[in-house]
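The values are calculated or read from the model by the stated rules, or taken from the named source; none is laboratory data. Treat the numbers as computed from the prediction; the structure is a model and nothing was measured. Neighbour counts are summed over all protein chains in view; Cβ atoms, including those assigned to glycine, are modelled from backbone coordinates with ideal geometry.
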Amino acid sequence: MYHMAGVQLTKVKGLPMKKLFIFLLGAVLLNAREFIGKVPLVEHAKEVHFTGSRLISPELLHNILHYQTWGELFVYLQVHWFRALFFGITVGVLVVFLLHYLIIGPKKFSHSGKGVFVYSVFKRVVHWTAALAFVLVIPTGFMMIFGKELGGGDLVLTARYIHSIGTVLFIVSFIPMFLMWFIPMLPTLDDIKWFLMLGGYLTKKKVVVPAGQFNAGQKMWFWVAMLGGIVMIGTGAMMYFQDFHLAILDRFGLDQIDLIRIAAITHNFLGMAVAALFITHLYMSLFAIKGSLDSMISGNKSEDEVKYMHSSFYKKLKKEGKI
Ligand code: HEM
């Protein structure tokens with residue numbers, strides 16, 4: 001028996017879970033070492049060394065405008081942390097879900113009856129447009145982060161173009177998705193209760209989970225994808241177009257290049273959160289509940305699933321005589 005957050009988890013027959021877990025953790029840590037600390041932090045420059053051309057100098061980095069502020073931070077993060085963090089977070093999330101699948105497994109609900117109609121054709125089309133956008137954007141984003149390991153060149157350049165095409169698709173789906181879901185995605189008291197029991201996902205048993213049409217986990221994904229999405233679009237555009245001629249920059253003592261550095265740092269950190277939640281969304285909708293994908297294909301959700309996993313929504317529909 002294993003114990004996790006007070007819940008008893010049954011050992012998976014025939015699988016040495018502890019060893020598997022230690023092996024996976026070891027593999028993650030060993031590989032993360034690969035990305036950290038290979039290049040020393042650039043020495044701090046106290047003054048501009050080369051007074052001629054700023055761009056052609058023996059100490060190129062130090063002579064780029066304001067390198068010592070945002071530039072140094074960006075190079076430091078880029079050299080030491082971004083790849084390691086992307087790698088660690090992605091593998092970490094995958095390991096957690098693999099363990100969840102092996103130890104607890106998917107929830108099963110009866111699919112008899114006609115179900116509860118939740119997603120109209122319009123909602124499904126908007127959703128699948130956003131899904132296609134992310135399927136293009138996320139893997140190509142990873143390809144750019146690990147461009148060095150992939151050998152750079154045309155492959156990574158192509159990834160960059162596909163990344164931009166995916167972004168345009170996401171922009172197209174963004175406004176309808178925001179408008180169609182932002183009201184049911186607003187926080188309610190159920191969300192606190194949902195978080196306290198982690199949505200009932202730590203037990204194999206069917207438990208009644210407090211949630212409206214969307215639970216707290218789904219809401220978190222929605223807001224990260226939407227609000228985070230706007231910031232990702234904005235920071236991505238700053239890196240793509242590069243020159244904005246913004247007078248406001250002067251007021252903050254910044255230059256165009258500072259803006260790109262800040263955009264890149266924000267894009268990378270937020271990208272980690274978006275990628276981690278995207279993987280979570282895939283796990284939840286493809287594996288954590290058996291047959292969950294049906295709802296985004298036919299529009300209907302199993303009544304049994306709604307009764308347990310969205311109990312407040314179920315009560316509301318019953319009261320209104322809709323089921
Ligand atoms: C291949 C990628 C994707 C797959 C397979 C997928 C699958 C699904 C499924 C099956 C549902 C219904 C879940 C349920 O009601 O129980 C769902 C809902 C939803 N999806 Fe996706 N989705 C994908 C990508 C995306 C993307 C990129 C976004 C946002 C930009 C997104 C946002 C949502 C939201 C907000 C919901 C409603 C709440 C929720 O269930 O999380 N999905 N998705």
Listed residues Leu254, Leu246; which is under 16 Å from Trp70 (Cα atoms) and at pLDDT below 95? Leu254
If you scan the range 277-289, which residues turn out to be more than 7 Å from the ligand (Cβ to nearest atom) and either at pLDDT below 95 or over 19 Å from Lys307 (Cβ atoms) (or both)? Leu277, Ile279, Thr280, Tyr283, Phe287
Of the residues in the range 66-94 that are small (Gly, Ala, Ser) and modelled with pLDDT of 90 or more, the one that is farthest from Leu254 (Cα to Cα) is Gly92
Looking only at the range 132-140, decide whether some residue is away from the ligand (no atom under 13 Å from the Cβ), assigned by TED's automatic domain parsing to the domain that holds Asn268 and modelled with pLDDT of 95 or more. yes
Which condition number in (1) within 16 Å of the ligand (Cβ to nearest atom); (2) more than 19 Å from Ile89 (Cβ to Cβ); (3) crowded, with 17+ Cβ neighbours inside 10 Å; (4) touching a residue at least 40 places away in the same chain (Cβ under 8 Å) is the one that Trp194 fails? (4)
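Residues in the range 102-131 that are part of a helix (DSSP H, G or I) and more than 16 Å from the ligand (Cβ to nearest atom): how many? If you could, list the steps in order and put the result at the bottom.
The initial filter retains those residues of the range 102-131 that are part of a helix (DSSP H, G or I), namely 102-103, 121-131.
Narrowing the set further to residues that are more than 16 Å from the ligand (Cβ to nearest atom) leaves 102-103.
So the count comes out to 2.
Condition check ((1) touching a helix residue (DSSP H, G or I) at 6+ places or on another chain (Cβ under 9 Å); (2) under 22 Å from His127 (Cβ atoms); (3) at pLDDT 95 or above) across all residues:
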position	(1), (2), (3)
Asp154	no, no, yes
Ser173	yes, yes, yes
Met180	yes, yes, yes
Pro184	yes, yes, yes
Leu189	no, no, yes
Met197	no, no, yes
Gly200	yes, no, yes
In the range 203-262, which helices (runs of 4 or more DSSP H) lie fully inside it and hold 2 or more residues that are surrounded by 16 or more Cβ atoms within 10 Å (Cβ to Cβ) and without any contact (Cβ under 8 Å) to a residue 40 or more places away in the chain? 216-223, 229-241
For Val156, the lone unmet condition from (1) surrounded by 14 or more Cβ atoms within 10 Å (Cβ to Cβ); (2) over 19 Å from the mean Cα position of the chain (by Cα); (3) closer than 19 Å to Gly229 by Cα is (3)
Could you please give the count of residues in the range 305-323 that are within 13 Å of the ligand (Cβ to nearest atom) and either in a loop (DSSP other than H, G, I, E, B) or farther than 20 Å from Pro187 by Cα (or both)? 2
Would the range 152-160 turn up any residue that is within 16 Å of the ligand (Cβ to nearest atom), not in a loop (DSSP other than H, G, I, E, B) and not assigned by TED's automatic domain parsing to the domain that holds Lys19? no
Pull up the range 276-304, narrow it to residues that are in contact (Cβ under 8 Å) with a residue 60 or more places away in the chain and in a loop (DSSP other than H, G, I, E, B), then point me to the one that is surrounded by the most Cβ atoms within 10 Å (Cβ to Cβ). Ser302
